[in-house]
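Read-outs: derived from the displayed coordinates by stated rules, not from any lab. Bear in mind the structure is a predicted one, so any value in this text is a computation, not a measurement. Don't worry about glycine lacking a Cβ; one is built from the backbone with ideal geometry, like all the others, and counts go over all protein chains shown.
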Amino acid sequence: MSFPEKRKSRLSRRDFLKFIGLAGFSGLIYGTQIEPDWLEVVEMPLTLPRLDAAFSGFRVVQISDIHMGGWMSRERFGAVVDVVLEKDPDLVAITGDFIVGGKKASWYVDVLNNLLVELKRLSDKFPTIAVLGNHDVYTDASMVRKILLEANVVELENDIFSVTRDFSSLHFCGVDDVMFGAPNLEDIFAKLPELGSAVLLAHEPDFADFSAAAERFDLQISGHSHGGQIVLFEDTIPIKPPLAKKYPSGWYQVAGMQQYTNRGLGMSHLNIRLNCRPEITVFTLMAL
């Protein structure tokens, strides 16, 4: 008795192309409609060698790259602010790119009003500090600075902001935007006391090579890269902007200084995120 020969199941070229097309379409829907709204709160306990014991447990919330006026609406940013309020930090640090850049000044009227209202919700509750980003500076730095001033957000343009507890200090420093501004560490060092841990806000993360070489900062926090927005397998980031090629996302040790790059909240160029959720970072600073 003979049996019919089994036929191998094969996927036709047409069916294969359909499958690829469906997968690509599903990925596009996910990357544009789901992940950009899927906010991740990253808890980062960090030990800082010069931190006084009085500040052990001090909590800093970092947000970055809001890019208000593009994909980021007041409703979306308001939801972020709600999460920050729930975290009840000791201080909020914003590392630049408040707006989507490149528009005419008249276009920003509603954008800036929306930004102002939500920033005031933060500054009314917590000390809130910030540096500008490249989008802010190449568009209109004075326009963004006016809003920060009205919102009671302390801009650190080559300046410092110190917090005191039990006769000890924790210093937060900020440099002007590295790409289009005038960053100057010497201006900071002229104001920075010799004692106390110092945290640097710098929009572009690769500035860490310069700030670490100064051997005065325990930590630099940055944004700018958006984490790449699209991350492939094995954490491959195919697109890295200038000054975010070495330290594009997450935690790094740069000589004797720690560096952290936040993935940001908004987007630019392409409104898509894949394997790169928007981020709020909550640092809990610990003494040795």
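General remarks:
- A straight chain from residue 83 to residue 270 at 0.36 nm per residue would run longer than the Cα-Cα distance by 64.8 nm.
- Kirkwood-type radius of the chain, with distances r between different C-alpha atoms, in Å: 20.0 Å
- Charge dipole magnitude, Cβ of K and R +1, D and E -1 - the chain, Cα centre, debye nearest 20: 1660 debye
- Greater than 21 Å apart at Cα, pairs in 120/146; 103/245; 87/125; 125/191; 87/191: 103/245; 125/191; 87/191
- One chain, two ends: residue 40 and residue 109. Fully extended at 0.36 nm per residue, the span grows by 21.9 nm beyond their Cα-Cα distance.
- Nearest-ten-degree value, helix 134-150 long axis tilted from longest Cα axis of the chain: 50 degrees
- The longest part of the chain holding none of the exposed loop trypsin sites (Lys or Arg not before Pro), meaning those outside H, G, I, E and B in DSSP with at most 13 other Cβ atoms within 10 Å, is 105-244.
- For residue 68, the residues whose modelled amide H falls within less than 5 Å of its own, excluding neighbours fewer than 5 places apart on the same chain, are 99, 100.
- Most to least packed among 197-208, 36-47 [average Cβ atoms within 10 Å]: 197-208, 36-47
- The residue among 195, 38, 62 whose Cα reaches farthest toward the positive pole of the charge dipole of the chain, with charges on the beta-carbon of Lys, Arg, Asp and Glu, is 38.
- The relative contact order of the chain, computed from alpha carbon pairs under 8 Å that lie at least 6 residues apart in sequence, is 27 percent.
- Crossing angle, helix 74-87 versus the chain [Cα axis fit, 0-90 degrees, rounded to tens]: 60 degrees
- Nearest 10 degrees, 0 to 90: helix 109-123 Cα axis against the chain principal axis: 70 degrees
- Modelled spin labels at residue 190 and residue 251, positioned 7 Å past Cα toward Cβ, are 3.6 nm from each other.
- Under the combined filter of DSSP loop state and at most 10 neighbouring Cβ atoms within 10 Å, region 187-288 retains these GluC sites (Glu not before Pro): 194, 215.
- One compactness figure for region 87-179 is 1.13, namely its Cα radius of gyration divided by 2.2 N^0.38 Å.
- Nonlocal amide H pairs with residue 274, under 5 Å, H built at 1.01 Å: 230, 231
- Taking 256, 227, 69 as the candidate residues, the one with maximal mean-square fluctuation in a Gaussian network model of the chain, Cα springs under 10 Å, is 256.
- For residue 281, distant residues with modelled amide H under 5 Å away: 42, 62
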